[in-house]
Amino acid sequence: MTYVLRPDEVREKYGPMFCKGFYTIVDEEAGVAQIIEKCVGQGPMEWDAVNRRRTKGVITNVRLMSGMIVMDTEIGEKEISFGPVQIDTGGQGIKALKVEGDEVRTTWYGIAGASVGIGACIAQCPDVIRTEYPDDFKIGGAHRAHVDIITPKYVRVVIGVDDTDTKEKGASWVTSLRLGTQCPIGRFIEHRIIQLNPKAPNKTTNCCSTAVSFAVKEEEVPALIEFATEFVRKESYSDDTVITVFKGLRIPEPLREFGWSCKTVLYKPEDAIRIAEENGVQIISVTGMKGVIGAVAAIGCFDIGEAAAGIPEDFA
């Protein structure tokens, strides 16, 4: 038997805790998901990251980024292992992640203090729909506990932007960051500045494009694209502005290779258009089309981390 608590009921029962954001993003076609948790403190983030890596389960990777724990997972169920530490060190992990209509169910296990994190902290985040507890749930101490946390199903949308500025006015990275922070649709997740080939003849100053990502409900994707297009149109100083749109958690390898090669190779617009068409990238001419190379490359480089901001010799 189980009992169910809403976030406000969890907060009332256990007192205010520290989780400030909790999003589950799925890519059902690829069979993968991503869980993003925002926390107010570095300490619990580091502890959670180490312990979730140890227990494995459906988790394939954990990293800390800009006040967030980002977990890559599989969709499905796998046994977890707290390892030899058990109660002496504690532990926390995800045994299952399942898509149920427009909701996502994650099954969490925790030992000792980790049970507080799953039963009281994450469970009271306003992004959670509800948490299901077994009747014998006990928090803290040496108890091994589990809960099911149910959240809305989100998909990831990455929006690339290029050529919004002139030599006198504007900066594309500013435009995209404003888009991320001011967009009322979905949840703004990441912002990237992508350094492109500094020898490109048609550039303003640094030859950079930029991109932002959102966690959004499937039915809200068209509204997000419409908002982004009009926002960038109003912010642009250029007659050559392009935005690109990609939905999913896995950037196709040909697209990633194109993005990286744009740091050293000078392509033609038709090369970028072909790569986009072959790899599920939507191209939108906002005020023109000269920005298409950078906007497509921004999608390709979005998941390569710090390398997006440099050129190959920076990482040799």
In nm, give the distance between the simple-model label positions of I273 and S81, each being 7 Å from the Cα along the Cα-to-Cβ direction.
5.4
Read phi for every residue in region 61-78 and hand back ³J(HN,Hα) as whole Hz from Karplus 6.51 cos²θ - 1.76 cosθ + 1.60, θ = phi - 60°, with x for Gly and Pro.
7, 9, 9, 9, 7, 6, x, 10, 9, 10, 10, 8, 9, 8, 8, x, 9, 9
May I ask you to give the solvent-accessible area per residue for region 1-130, in square angstrom, as obtained with a 1.4 angstrom probe?
44
Helical mean residue ellipticity (222 nm; -39500 (n - 2.57) per DSSP H run of 4+; nearest 500) of the chain:
-7500 deg cm²/dmol
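Mean separation of Cα pairs under 8 Å and 6+ residues apart, divided by the residue count of the chain: what relative contact order is that in percent?
Worked out over the chain, it gives 16 percent.
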Using a 1.4 Å probe on the protein chains only, how many percent of the accessible area of region 226-291 belongs to carbon and sulfur?
48
With θ set to phi - 60°, apply the Karplus curve 6.51 cos²θ - 1.76 cosθ + 1.60 along region 103-110 and write out the HN-Hα couplings as whole Hz, x wherever there is a Gly or Pro.
10, 10, 9, 10, 9, 10, 10, x
Once you put a point 7 Å from the Cα of M65 and another 7 Å from the Cα of S285, both along the Cβ direction, what distance in nm separates them?
3.3
Run the simple label-point estimate for V265 and E103 please: 7 Å along Cα→C-beta, distance reported in nm.
4.8
What is the distance in Å between the Cα centres of region 181-197 and region 90-105?
27
In the neighborhood of S115, defined by Cβ-to-Cβ distances under 13 Å, what is the net charge if each Lys or Arg adds +1 and each Asp or Glu adds -1?
0
Stretchable slack from D135 to E28, in nm (0.36 nm times residue separation minus alpha-carbon distance):
35.3 nm
Could you provide, to the nearest whole Å², the per residue accessible area of region 207-296 with probe 1.4 Å?
45
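The values are calculated or read from the model by the stated rules, or taken from the named source; none is laboratory data. On a predicted model such as this, the values are computed, not experimentally measured, just so you know. Reconstructed Cβ throughout: ideal geometry from the backbone, glycine too, with neighbour counts over all protein chains shown. These area figures cover heavy atoms from the full protein model, side chains too; ligands, DNA and RNA do not enter into them. Shrake-Rupley method; radii C 1.70, N 1.55, O 1.52, S 1.80 Å.
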